[in-house]
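Novice: Quick one: the structure is below, questions incoming.
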Amino acid sequence: MSTPHPAAAPAPAVADLSRRRWTRLMPVVFVTYSFAYLERSNFSVAAAGGMADDLHITGSVSALLGSLFFLGYFAFQIPGAIYAERRSVKKLIVWCLVLWGVLATAQGLIPDVRVLMVVRFLLGVSEAAVLPAMVIHITHWFTARERGRANTWLILGNPATVLWLTVVSGYLVEWVGWHGMFIAQGLPALIWAFVFHKCIDDHPRDAKWLTPEERTALEGALAAEQGRLPAGGSYLAALRSRNVVLLSLQYFLWSLGVYGFVFWLPSIVRAGSDEGIGLTGLISALPYLFACAAMLWNSRASDRAGSRGRYVWPWLLLGAAGFYGSYLLGDAFWLSYPLLCIAAAGMYAPYGPYFATIPELLPQKLSAAAVGLINSFGALGGFAGSYLIGTLNDVTGSTATSFLTMAGCLVLAAALMFAVKAPRAAAPVPRPAPLTKDA
C-alpha cells in the first residue's frame, strides 16, 4: 500500500508553517505519551521484582493483571477519540493525566490482588483516549508531509520510556521496593497535567504564540489538504470501510507481538541471564535503543518519499525474523538476545508512517473515530499479547512457543498491509518540497 500525501496547490513551504510548532508542541506530546506508557509498563518490572511473591500472584494471575489494563483501554477508545475531535484534546488529556496519576500511584498502596485488578482496569480506561487524541492533535497542527515524523515523536515515547524505565525501575525496586517504585513514578503525572494545560492549544487559531500570518498559513494548508480527501459520510460507514477494518485487524496482530515483548521481556531476561533485577533492567533496555533509532530514520524516510506502506511491512517482517531466529535458538539466551534487539527495531520502526496513514484515508472528522477503532483493536492485541505470552511462558516453562507466536502474528500483519488501498479521490501530487532543518 502506498498512500500519496493529500495536498493542494499552491502548498506553502514547510518553513512558512512555523518552526515553533516542533519546539513547543512535540516535547510536550513526547513526555505526555511517555508518562502514559510508563504507567502501563512498569507493572512488568514490579512483577519481576517481588510483587508476584509478596502478593502471592501466580504466573497466570500476573498475566491477567498485566492484560486487564487493555480491557479498559479498549472500551473507551472511540468515545475518547470523538470527544477529542468534537470538543477538546487539551481538556481531555489534562483530566486523563490527573486520573491515571492517582491510579498509578495507588498500585503501590494496595495489598489486595482483587482491588489491584480493578485499578489496572481503571488505569486502562484513564489512558484510553491518549494515543488517538494525540494523533488527532497532530492532524490539527502538522501537514501530511510532516506527520510521519510528528507521529514518530509521539510514539517514540513508547520505546524511549521503556529504555529508561527498565533501568530506573529496576534500581528503584532494589532501593525502595516495588511499592515505592509505583508511587515515585505515578505522582509526576499529576504535576505534568498543569504543564500540558499551559503549553498546548487545540488548534493553531487558538495559539497566541503564533503570529497572525503563521496561523493563517497553517490553517489554510490544513484546510486545503482536507479538501483533497473523499467526501465525508457517517461514523458507522467510516468504521466499516474496508481500509479501516483491515488496519484494525493488522494492528491487533502487530500489538500482540509488541506487548507480548514489552510485558515479558524483563522476566525473559531475568530467567535467561540469571542476573539481579537491577542488571536485568539494564539488559532489557538495550533493544529499545535500537527501536528508537529505527523509528527516527524510518519516519523521516517515509516523509521524504511521500509513501507509507513500504515503510511499514518490511520492518514487520524483520521483527518476525528476529523472533523466529530466537525460537530456533531455544534457551540459548545470549545467542538470541541480539535477535531480540532486531525484533524490537522491526516492531517499532513503522509506527510513525502507520499512524500518518489513517488521516490520509478519511476526512478529519471521521478519521478520529477510525483512529479510535484501530487503536482499540491494538488494545485487544495488547491484552492478548500480555496474557497469552505470559501464560505460554508459564505453562511451557520456555520462551520458544512465545517467540514463534509473535513471529507468526507479525508476518500476518505485514501481509495485510498490501490489502490497504489509497482512496480514489486522493490524487497523487508531486514529490514534497525538501524538508527544512527545523523539522
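Novice: Mind checking the full-extension length gain between residue 198 and residue 19? Use 0.36 nm per residue of separation minus the Cα-Cα distance, one decimal, nm.
Specialist: Taking 0.36 nm per residue and subtracting the Cα distance, the gain is 62.5 nm.
Novice: Extent of region 121-260 along each principal axis, from alpha carbon coordinates, in Å, largest to smallest?
Specialist: 56, 41, 26
Novice: Taking the Cα centre of each part, how many Å lie between region 374-411 and region 190-213?
Specialist: Value for the Cα centre distance between the two parts: 39 Å.
Novice: So what is the orientation-averaged projected area of region 217-343, using the convex hull of its C-alpha atoms, in nm²?
Specialist: Its average projected convex-hull area is 11.0 nm².
Novice: Which one, 253, 122, 403, projects farthest toward the positive side of the charge dipole computed for the chain from Cβ point charges (K/R +1, D/E -1)?
Specialist: The listed residue farthest towards the positive side: 253.
Novice: If you project the alpha carbons of region 370-427 onto their three principal axes, what span does each projection cover, largest first, in Å?
Specialist: 53, 22, 9
Novice: Select from 118, 162, 29 the residue whose mean-square fluctuation is largest in a Gaussian network model of the chain (Cα-Cα springs shorter than 10 Å).
Specialist: The residue that fluctuates most here is 118.
Novice: If you don't mind, another one. Just to verify a number: FRET efficiency for residue 110 and residue 213, C-beta to C-beta distance, R0 = 60 Å, to 0.05?
Specialist: Using R0 = 60 Å, I get an efficiency of 0.65.
Novice: Is there a quick way to get the dipole size of the chain? I mean about its Cα centre, with the Cβ of Lys and Arg at +1 and of Asp and Glu at -1; what is the value in debye to the nearest 20? Please list the in-between numbers first.
Specialist: Details: 31 positive and 23 negative charges, 331 e Å.
Computed about the Cα centre, the dipole is about 1600 debye.
Novice: Could you work out how much longer the chain between residue 226 and residue 242 gets when fully extended? Use 0.36 nm per residue separation minus the Cα distance between them, nm to one decimal.
Specialist: 3.7 nm
Novice: Another question, then. With a 1.4 Å probe and every protein chain kept in, tell me what percent of the accessible surface of the chain is carbon plus sulfur.
Specialist: Working: 10960 of 16160 Å².
Of the solvent-accessible surface of the chain, carbon and sulfur hold 68 percent.
Novice: Set the Förster distance to 22 Å, then compute FRET efficiency between residue 395 and residue 53 from the Cβ-Cβ distance, nearest 0.05.
Specialist: The computed FRET efficiency comes out at 0.65.
Novice: Let me ask something else. Over the chain, give the accessible area per residue in Å² for a 1.4 Å probe, as an integer.
Specialist: Roughly 37 Å² per residue, with all protein chains present.
Novice: Residue by residue through region 186-192, which ³J(HN,Hα) values in whole Hz follow from phi under the Karplus form 6.51 cos²θ - 1.76 cosθ + 1.60 (θ = phi - 60°), with glycine and proline marked x?
Specialist: For region 186-192, the Karplus-derived couplings read x, 5, x, 4, 5, 5, 5 Hz, x marking Gly and Pro.
Novice: So how tilted is helix 89-106 from the main axis of the chain? Cα-based, degrees 0 to 90, rounded to 10.
Specialist: Compared with the principal axis, the helix lies near 10 degrees.
Novice: Could you name the lysines in cross-link range of residue 198, using Cα to Cα under 22 Å and dropping any fewer than eight places away on the same chain?
Specialist: 90, 91, 208
Novice: Can you give the angle from 0 to 90° between the axis of helix 144-155 and the longest principal axis of the chain, with both taken from C-alpha atoms, to the nearest 10?
Specialist: The two axes meet at around 20 degrees.
Novice: Work out the P(r) tail for region 285-388: percent of alpha carbon pairs separated by more than 18 Å, whole number. Could the numbers behind the result be given before it?
Specialist: Details: 3119 of 5356 pairs.
Result for the distance tail: 58 percent.
Novice: What fraction of the Cα pairs in the chain, stated in percent, has a spacing above 35 angstrom? Mind dumping the intermediate values first?
Specialist: On the way: 24099 of 96141 pairs.
Counting every Cα pair in the chain, those more than 35 Å apart make up 25 percent.
The values are calculated or read from the model by the stated rules, or taken from the named source; none is laboratory data. Everything quoted here is computed from the prediction, not taken from an experiment. Cβ atoms come from the backbone with ideal geometry, glycine included; neighbour counts cover every protein chain shown. Remember, those area values only see protein heavy atoms, side chains included, never the ligands or the DNA or RNA. Shrake-Rupley method; radii C 1.70, N 1.55, O 1.52, S 1.80 Å.
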